[in-house]
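For reference, the structure is listed below as structure tokens.
Please treat every number below as a calculation from the coordinates, not as lab data. These numbers were taken from a predicted model, which means no experiment stands behind them. Using ideal geometry, Cβ is built from the backbone for each residue, glycine included, and neighbour counts are taken over all protein chains shown.
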2 protein chains.
Amino acid sequence: MEVRNEPARVRGFRFAGVSAGLKTVAGTKDLGLIAAGLPVSAAAVFTSNRVKAAPVVVASERVRRGRLQAVIANSGSANCFTGKPGLRLALDSCAAVAAELECEAAAVAPCSTGVIGHRYDFEKYRAGVKQAVSLLSEDGLEEFARAIMTTDTRPKTASTVLRLGGAEVTIAGAAKGAGMISPHMATLLGFIVTDAAVAPAILRSALREATSTSFNAITVDGDMSTNDTLLAMASGAAGNRPLAGRERTMFVEALSAVASSLARQLVYDGEGATKLVAIRVKGARNRADAERIARQVANSPLVKTAFFGCDPNVGRIIAAAGATSATLDPDRLELRVAGVRIASRGMLLVEALEAARERMREREFPVELNLKLGAGEATILTSDLSFDYVKINAEYTT
Amino acid sequence: MEVRNEPARVRGFRFAGVSAGLKTVAGTKDLGLIAAGLPVSAAAVFTSNRVKAAPVVVASERVRRGRLQAVIANSGSANCFTGKPGLRLALDSCAAVAAELECEAAAVAPCSTGVIGHRYDFEKYRAGVKQAVSLLSEDGLEEFARAIMTTDTRPKTASTVLRLGGAEVTIAGAAKGAGMISPHMATLLGFIVTDAAVAPAILRSALREATSTSFNAITVDGDMSTNDTLLAMASGAAGNRPLAGRERTMFVEALSAVASSLARQLVYDGEGATKLVAIRVKGARNRADAERIARQVANSPLVKTAFFGCDPNVGRIIAAAGATSATLDPDRLELRVAGVRIASRGMLLVEALEAARERMREREFPVELNLKLGAGEATILTSDLSFDYVKINAEYTT
């Protein structure tokens with residue numbers, strides 16, 4: 001199955017992205033809308049942060065029924081840490097969409113991203129909603145993806161087509177990331193739509209499975225956002241027969257592939273990122289140990305600055321690996337960076353460092369740590385820590 | 001009790017710091033020696049990293065008996081991840097010191113800091129030991145402090161004098177830090193000597209107490225080193241009577257104060273640091289919750305870059321606070337940055353931000369987060385994340 005980093009038409013959905021004036025830079029798109037012709041299957045996963053934005057509170061309540069007709073997402077303001085007025089604003093925002101679409105307000109889910117602690121201007125927002133509804137188009141996914149960008153430098157979309165249940169099914173998505181990207185759903189808004197006919201319960205479990213190997217396996221800065229939302233909607237317009245057994249598995253795999261493509265694009269475009277590095281830990285006693293070590297390495301500022309400097313720094317990687325509670329024997333481990341073995345049996349392979357350094361000039365490379373203790377494996381995608389990360393975050397107010 | 005950020009004479013100890021040629025920059029001091037006239041009470045705490053340097057393995061074994069006569073510490077090479085040859089090197093190094101001092105090799109503890117994965121040149125080291133022994137002086141603590149520096153920009157020493165058990169007692173110390181500074185003892189070597197008469201068991205428990213509020217309450221980058229060692233020696237030359245009850249408490253407090261002064265100097269001089277920020281969490285349900293939140297905030301790259309940019313960024317601080325498993329109610333919390341209240345009852349106080357921004361230009365300021373849920377409190381000292389942190393770590397091989 002091929003996944004393209006580009007948008008696609010998905011029967012049953014129309015999209016729009018407009019400039020409502022919510023961002024300070026005039027003319028920048030900041031309001032995106034996805035609308036189905038009627039309520040469709042829906043599922044979502046949200047941030048596990050104890051501080052949840054108002055739209056997260058509202059959307060998580062609404063998606064529980066398993067059906068949504070529209071999603072409205074704005075950038076420029078996270079509407080988080082805004083108390084009761086923020087909650088009111090999120091509800092009013094959905095009502096404004098429902099009025100324009102002539103649907104039930106409870107079938108509209110809100111999402112916000114941008115600065116925390118501030119509310120957006122509702123009059124501007126309402127005018128933007130009107131415009132978005134008038135511009136809804138089957139070809140609008142790219143415009144939608146642009147509208148949800150914050151410090152992203154490019155829109156992120158992905159799509160795939162497969163035969164399933166006797167029909168041709170399309171799965172397409174859009175996401176935004178850049179900062180506060182970390183385990184357990186980060187500042188990240190992700191949207192996946194499909195024309196497959198899928199019951200809400202199956203869509204929900206498929207989305208959870210897809211998340212664990214995609215959005216929950218990436219990190220940019222270890223910071224967990226208050227607004228993370230990954231939402232999926234299935235229109236059923238493909239007319240496939242119910243998915244079960246192998247076909248259900250195929251659907252989950254396709255959904256995971258689209259989610260992984262989006263997640264990968266988020267890390268590639270992480271704030272200030274000049275490298276995309278896959279931290280692969282294998283040979284751990286179990287999967288939990290492998291994941292613990294992979295995350296620790298992936299989030300270490302010392303490791304990430306070494307990536308930026310193309311420095312095959314064995315010391316920082318193994319020091320990070322040893323800092324968790326996971327079982328590890330330094331005398332057994334083997335480390336490869338960018339395909340070059342630079343440590344083995346508790347010793348550095350000095351003569352290999354130059355070759356590793358050379359290969360680290362690539363935009364993407366893997367770090368493979370084999371603990372040689374068991375069968376546990378995990379991979380986390382991360383970026384480097386560059387001057388631009390500091391520049392972006394010392395000057396931009398989240 | 002007054003603690004000065006300067007060295008002192010401590011009866012029973014002599015110190016030296018020399019240039020043995022272990023560092024690449026010629027003439028830089030890189031070998032420090034502390035020697036007592038005979039074996040004295042000793043205690044130490046070490047890194048909890050699963051990857052332990054050879055000198056940590058040797059020193060932790062030797063200090064277990066509660067008596068040491070000398071400590072030899074080098075910079076320029078961590079002698080970590082160096083396998084059996086590294087262990088041999090650490091043992092030979094102690095033997096060289098013992099030969100010069102004419103003491104038992106088992107009474108010498110080794111410490112190393114610098115690049116991981118490489119061993120130092122033993123012939124240079126041995127010549128350095130000879131020179132160090134010949135230069136031992138009661139006034140040599142400052143020179144010792146210089147010899148253990150890596151990316152530190154200045155030597156760190158602290159001292160205090162108090163009356164205890166009928167005698168005047170001095171406690172003095174030296175430390176190095178700069179990178180891989182984090183909870184649970186980071187790349188950090190710390191040495192504290194006192195002329196107090198203290199039994200090994202009491203010294204050990206006093207050191208543990210002192211560590212929890214000093215070296216274990218700081219972070220620069222959340223990275224945990226493989227070589228962390230904090231070692232204390234007590235010569236007994238002060239001739240005080242045995243310490244018990246209130247006098248034991250006074251000794252712990254004085255030891256803690258010296259340790260805290262050293263720890264504070266480490267953060268102040270953290271790699272690239274332009275700010276020293278005390279993250280104080282209070283009103284948590286319990287102390288563990290308070291500490292969890294304080295650490296999460298103190299290690300957040302987004303929070304630390306905001307400090308660098310003098311940005312009173314409520315969103316990043318509360319998002320970090322909410323990312324732990326600690327109980328937190330956003331609608332109750334109050335946040336002060338640099339003394340200015342900028343959030344209260346789940347809302348941002350927009351009009352206060354300018355005043356906070358102004359005060360964040362100071363070199364030092366506190367962040368106070370009151371959860372208003374209970375009596376749990378914790379403070380963690382941290383630095384900001386600056387361009388220079390990236391510069392230092394993209395170009396320096398740890």
Can you list the lysines whose alpha carbon sits under 29 Å from that of residue B:84, skipping same-chain ones fewer than 8 residues off?
A:282, A:372, B:23, B:29, B:52, B:124, B:130, B:176
Mind putting a number on the dipole of the stretch B:276-395 about its Cα centre? Charges go on the C-beta only, +1 for Lys and Arg and -1 for Asp and Glu, and I need it in Debye to the nearest 20.
280 debye
Distances in nm, one decimal, shortest first, from residue B:362 to the same residue in every other copy, taking the label point 7 angstrom along Cα→Cβ.
5.0
Loop only by DSSP, 10 or fewer other Cβ within 10 Å of the Cβ. Give me the GluC sites (Glu not before Pro) in the stretch B:310-398 that pass, ordered by residue number.
none
Report the charge-dipole magnitude of the stretch A:251-316 in Debye, nearest 20, computed about the Cα centre from +1 at each Lys and Arg Cβ and -1 at each Asp and Glu Cβ.
300 debye
For residue B:350, place a label point 7 Å from Cα along the Cα-to-Cβ direction in every copy; what are the distances to the other copies, in nm, shortest first?
6.1
With a cut-off of 8 Å between alpha carbons and a minimum separation of six or more residues, what is the relative contact order of chain A in percent?
17 percent
Please name whichever of B:350, B:77, B:243 sits farthest to the positive end of the charge dipole of chain B, dipole taken about the Cα centre and charges placed at Cβ: Lys and Arg +1, Asp and Glu -1.
B:243
Looking at the protein assembly as shown only, what percent of DSSP beta bridges run antiparallel? Nearest 5 please.
75 percent
Within the stretch A:276-395, percent of DSSP bridges classed antiparallel, to nearest 5
70 percent
For residue B:339, label point 7 Å along C-beta direction: distances to other copies, nm:
5.9
Under Karplus coefficients 6.51, -1.76 and 1.60, residue-wise ³J(HN,Hα) of the stretch B:365-380 in Hz, glycine/proline x:
7, x, 10, 10, 10, 9, 7, 6, 10, x, 10, x, 9, 7, 10, 10
Could you work out the relative contact order of the stretch A:291-354, using alpha carbon pairs under 8 angstrom and six or more residues apart, expressed as a whole percent?
25 percent
Please compute the contact order of the stretch B:89-182 in relative form: average sequence separation of alpha-carbon pairs under 8 Å and at least six residues apart, divided by the residue count, as a percent.
21 percent
Rg over Rh of chain B, using C-alpha atoms and the Kirkwood radius, what does it come to?
1.00
Give the longest segment of chain A that steers clear of trypsin sites (Lys or Arg not before Pro) in DSSP loops with at most 10 neighbouring Cβ atoms within 10 Å, not counting the sites themselves.
A:1-360
Give me the percent of DSSP beta bridges within chain B that run antiparallel, rounded to the nearest 5.
75 percent
Gyration tensor (alpha-carbon) shape descriptor, the stretch B:276-395, a/c threshold 1.5
oblate
Highest-fluctuation residue, A:227, A:313, A:79 considered, GNM on chain A with Cα pairs under 10 Å:
A:313
Quick check: convex hull over the Cα atoms of the protein assembly as shown, volume per residue in Å³, rounded to an integer?
144 Å³
Given charges at beta-carbon only (K, R positive; D, E negative), |dipole| of the protein assembly as shown in Debye
1420 debye
Which ³J(HN,Hα) values in Hz, rounded to whole numbers, follow from the phi angles of the stretch A:295-308 under the Karplus curve 6.51 cos²θ - 1.76 cosθ + 1.60, where θ = phi - 60° and Gly and Pro get x?
5, 4, 5, 5, 9, 6, x, 5, 5, 5, 6, 5, 4, 4
Separation of the stretch A:358-398 and the stretch B:41-62 by C-alpha centroid, Å?
30 Å
